[in-house]
Amino acid sequence: MNDNAYARVLAEVGPRLRRLRQERGVTLTTLSGATGISVSTLSRLESGGRKATLELLLPLAHAHQVPLDELVGAPEVGDPRVRTVPVRNGPMTVLPLTRQPAALQAFKLVLDPVGGPPEQRTHEGYEWLYVLSGRLRLLLADRDVELRAGEAAEFDTRLPHWFGPAGDEPVEVLSLFGRQGERMHVRARPRGQAG
């Protein structure tokens, strides 16, 4: 939300408060007694002469028995679901899990078995992989690692690497990728808990 949108929302608070009070047939004096806010402050708040603050809005929301966002007219939150279309790229199906271009991108990958020797590549970035189902083979420089469902790996993609199914079955992987080499910060357990 930009500054103009915030200014519009704040400008509408006063008229909204007045409308709500009048619809309920409540006087400024009665509302003042219920909230502990002076009549003059309430009047200035409704006319836009006083800026709405949380200190003022909380008792008003309580007195009117309405949620705080109804007083403020908070904008609706959009649908948070990510609706993307799977993209087939050779033996790999890629399902983007993030909508916005950002430093870190999330993908679900379904990797089908392929014939022929694996070919390691390098590129800028940092990758974190989590195996959802199946077995994943990860070649990283001179290391050859097999990961099973529930296991994760992370690596600098400037190292020669390749990953794919470890056998004849497809493997499903969750991938977080940072183009500029951003590392993932994943904690195995909350601080202060012993393992």
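Where is the GNM fluctuation largest for the chain (alpha-carbon springs, 10 angstrom cutoff): His123, His62, His161?
His62
Give me the percent of the accessible area of the chain that comes from carbon and sulfur atoms, probe 1.4 Å, all protein chains in place.
Numbers: 6550 of 12840 Å².
C and S fraction of accessible area: 51 percent.
Computed from the coordinates I sent, semi-axes √(5λ) of the Cα gyration tensor in Å equals one of (1) 57, 17, 15; (2) 44, 24, 13; (3) 28, 21, 17. Tell me the label.
Entry (1).
Accessible area of Lys51, 1.4 Å probe, to the nearest 10 Å²?
Answer for Lys51: close to 140 Å² accessible.
How large is the accessible surface per residue of the chain, computed with a 1.4 Å probe and reported in Å² as a whole number?
Numbers: 12840 Å² over 195 residues.
Per-residue value: 66 Å².
So how far, in whole Å, is the C-alpha centre of the stretch 1-71 from the one of the stretch 118-165?
56 Å
What residue among Gly48, Gln22, Asn4 has its Cα farthest toward the positive end of the dipole of the stretch 1-60, where the charges are +1 on Lys, Arg and -1 on Asp, Glu, each on the Cβ?
Of the options given, the answer is Gln22.
Output the Cα-based Rg and Dmax of the stretch 4-83 in Å, rounding Rg to one decimal and Dmax to a whole number.
Looking at the stretch 4-83, its Cα Rg and Dmax stand at 13.8, 51 Å.
For the stretch 86-99, take each phi angle, set θ = phi - 60°, evaluate the Karplus expression 6.51 cos²θ - 1.76 cosθ + 1.60, and give the result in whole Hz per residue in order, putting x for glycine and proline.
Residue by residue, the stretch 86-99 yields x, 10, 8, 9, x, x, 10, 9, 10, 10, x, 10, 10, 9 Hz.
Whose amide H sits under 5 Å from the amide H of Leu97, counting only residues 5 or more places off or on another chain, with H placed in the peptide plane?
Ala106, Phe107, Lys108
Against the longest alpha carbon principal axis of the chain, how many degrees, from 0 to 90 and to the nearest 10, is the axis of helix 54-64 turned?
Approximately 70 degrees, to the nearest ten.
Before rounding to the nearest 500, sum -39500 (n - 2.57) across all DSSP H runs of length at least 4 in the chain and divide by the residue total; then give [θ] at 222 nm in deg cm²/dmol.
Numbers: 5 runs with 54 residues, N = 195.
Rounded to the nearest 500, it is -8500 deg cm²/dmol.
The values are calculated or read from the model by the stated rules, or taken from the named source; none is laboratory data. Everything numeric here is computed off the predicted structure, so don't read it as measured data. Positions of Cβ are generated from backbone atoms using ideal geometry, with glycine treated the same way; all protein chains shown enter the neighbour counts. Accessible surface is based on the protein model in full, side chains and every heavy atom, while ligands, DNA and RNA are left aside. Shrake-Rupley method; radii C 1.70, N 1.55, O 1.52, S 1.80 Å.
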